[in-house]
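The structure appears below as structure tokens.
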Amino acid sequence: MNESPDPLLDLLHLLDLERIERDIFRGVSRSSLVPRVFGGQVAAQALVAAGRTVPDDRSAHSLHAYFLRAGDPGAPIVYTVDRIRDGRSFTTRRVVAVQHGQPIFHLSASFQTYEEGMEHQAPMPAAPDPETLPTAAEMLPRYADRFSDPGVVDRLIEARAAVDLRYVDAPPFGTVGEAREPRSQVWFRTNGKLADDPLLHVCLATYVSDMTLLDSVLLAHGRGGWAVGDVVGASLDHAMWFHRPFRADEWLLYDQESPSASGGRGLGQARIHTADARLAITVIQEGVVRVPRA
């Protein structure tokens with residue numbers, strides 16, 4: 001396994017887009033477990049592009065995105081930002097990601113100046129201390145026999161090396177053939193400290209949010225996932241609301257569930273809480289989830 005000596009630094013470089021015009025940016029990709037660009041990467045890069053055209057006193061509070069085509073990991077991605085609105089309190093941006101002359105991804109993001117307001121939130125669900133849970137490097141080799149490709153475990157560990165992601169219960173590939181409640185919890189944080197840049201923390205949470213959100217769909221049907229090969233699929237759309245400040249380099253609980261699957265699609269929804277029980281983010285995603293045909 002050719003793991004970088006500093007995977008987090010590699011990820012930060014991935015999100016540090018090249019500005020090639022006032023509102024045009026270029027990004028590169030990293031290798032993925034599947035032969036296409038990882039959805040969390042393109043979403044995070046698009047949010048970086050949007051955020052770099054917004055005043056520093058405005059923080060991202062929501063994003064809504066569609067995955068239009070599979071991205072080519074071997075080609076650069078060009079992000080064009082449209083400055084839709086600059087209001088007194090809110091700023092709206094639209095971003096289109098293009099490869100080979102075609103749009104592969106579309107994002108709308110909204111930013112807001114800080115203001116006081118009414119406060120309430122859903123309670124944080126029960127979850128064990130993340131420090132008591134195994135790391136990916138400790139957990140994944142236990143399930144090596146579930147994968148037809150012996151290299152999958154190393155590639156999974158390498159793909160997640162920048163993020164310390166710990167499952168509360170067994171992942172879908174750990175209980176193949178056993179239908180479970182359509183709910184999954186993971187704790188995550190970056191493997192290293194980050195600068196005090198709110199946009200960076202939001203973009204890293206966006207990156208991680210696409211890693212496990214559809215796990216709960218698979219659990220309901222006893223499927224192991226893309227690495228096992230008993231389903232095929234891809235993200236269709238993705239929405240996030242950022243409620244309260246948080247740090248992506250401190251533990252965050254990702255509490256995920258699936259209320260529905262039908263028509264070859266599965267819906268995942270989730271809440272992300274800080275370790276001190278503040279509701280930081282709400283996430284909803286729908287994806288294609290199909291059983292391979294013989």
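The values are calculated or read from the model by the stated rules, or taken from the named source; none is laboratory data. The shown structure was predicted, so the numbers you read here are calculated from the model rather than taken from an experiment. We place every Cβ from the backbone using ideal geometry, glycine too, and count neighbours over all the protein chains shown. Note: accessible area is taken over every heavy atom of the protein model, side chains too, but ligands, DNA and RNA are not part of it. Shrake-Rupley method; radii C 1.70, N 1.55, O 1.52, S 1.80 Å.
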One residue is enough: does the range 75-90 have a residue meeting the conditions modelled with pLDDT of 95 or more, within 24 Å of A280 (Cβ to Cβ), under 18 Å from the mean Cα position of the chain (by Cα) and of a type in the set (A, V, I, L, M, F, W, C)?
no
Can you tell me which residue among E119, E131, E138 is open to solvent by 40 Å² or more (accessible area, probe 1.4 Å), more than 28 Å from T53 (Cβ to Cβ) and either part of a loop (DSSP other than H, G, I, E, B) or among the β-branched types (V, I, T) (or both)?
E119
Going residue by residue through the range 215-226, is there one that turns out to be more than 25 Å from A144 (Cβ to Cβ) and among the basic types (K, R)?
no
Could you grab me the full set of residues in the range 106-146 that are farther than 22 Å from I272 by Cβ, in contact (Cβ under 8 Å) with a residue 24 or more places away in the chain and in contact with a helix residue (DSSP H, G or I) (Cβ under 6 Å, 6 or more places away or on another chain)?
Y143, R146
All positions within the range 152-203 that are open to solvent by 50 Å² or more (accessible area, probe 1.4 Å), more than 17 Å from A270 (Cβ to Cβ) and in contact with a strand residue (DSSP E or B) (Cβ under 7 Å, 6 or more places away or on another chain):
N191, P198
Note on the range 175-215: residues assigned to a strand (DSSP E or B) and either in contact with a Pro (Cβ under 6 Å, 6 or more places away or on another chain) or among the β-branched types (V, I, T) (or both) are V186, W187, T190
Does any residue of the range 76-98 turn out to be open to solvent by 60 Å² or more (accessible area, probe 1.4 Å), in contact with a helix residue (DSSP H, G or I) (Cβ under 7 Å, 6 or more places away or on another chain) and under 26 Å from A195 (Cβ atoms)?
no
Scan the range 252-294 for residues that are in a strand (DSSP E or B) and open to solvent by 70 Å² or more (accessible area, probe 1.4 Å) and report the count.
5
Here are some residues: R146, R85, R142. Which one is among the basic types (K, R) and in contact with a strand residue (DSSP E or B) (Cβ under 7 Å, 6 or more places away or on another chain)?
R85
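Yes/no per residue for (1) under 23 Å from F188 (Cβ atoms); (2) among the hydrophobic types (A, V, I, L, M, F, W, C):
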| site | (1), (2) |
| --- | --- |
| P7 | yes, no |
| L11 | yes, yes |
| R22 | no, no |
| F25 | no, yes |
| V28 | no, yes |
| Q41 | yes, no |
| D57 | no, no |
Filter the range 27-69 down to residues that are farther than 19 Å from L200 by Cβ and among the basic types (K, R) and give me whichever is most open to solvent (accessible area, probe 1.4 Å).
R69
